[in-house]
Amino acid sequence: MFRAWRQIRGSHAALRRTDRARTLALEALEDRAMLSFLTPVSRVVSGLPRSVAVADLNRDGPLDLVVVNSDANTVCVLLGSGGGAFNAPVFYPAGNDPGFVAVGGLNGDGCPGLAVASNLSKSVSVLLGNGDGTFGSGISS
């Protein structure tokens, strides 16, 4: 058996190998990090939020949020401004009792659009994206 000391990402670790088992194990000797989160930031999105989708809707880098508000019959778009912050919400009509939302390229123009499933009317509303984080009026099917 042997031990070798190596510098790994700023912390010392022992590298150990046993001849018998032919296994390699990495043992941390110091610099143990604890997982932590920043203080939560809340945004009022109105109604009864039921579903959330995350995507870069305006193609600027920071991720944006789309929230389905079932009792308000809307989807709420919050454009990310970076660092976990979001701009004021913008609301779009989304059919009767919307339940779920999906984000994707819906018409081949490269701009993300929204597909919103409705619980009561058993339909899907499609909101085509303009590429800047805004959406046209919904088309129901």
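The values are calculated or read from the model by the stated rules, or taken from the named source; none is laboratory data. Keep in mind the model is a prediction, meaning the values are calculated, not measured. Accessible surface areas use protein heavy atoms only, side chains included; no ligands, DNA or RNA. Shrake-Rupley method; radii C 1.70, N 1.55, O 1.52, S 1.80 Å.
Summary table below
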quantity: Gained length - Val126 relative to Arg43, 0.36 nm times residue gap less alpha-carbon distance; calculated: 27.4 nm
quantity: Surface share of carbon and sulfur [accessible, 1.4 angstrom probe, percent] for region 51-93; calculated: 60 percent
quantity: Accessible area of region 56-123 divided out per residue, in Å², using a probe of 1.4 angstrom; calculated: 45 Å²
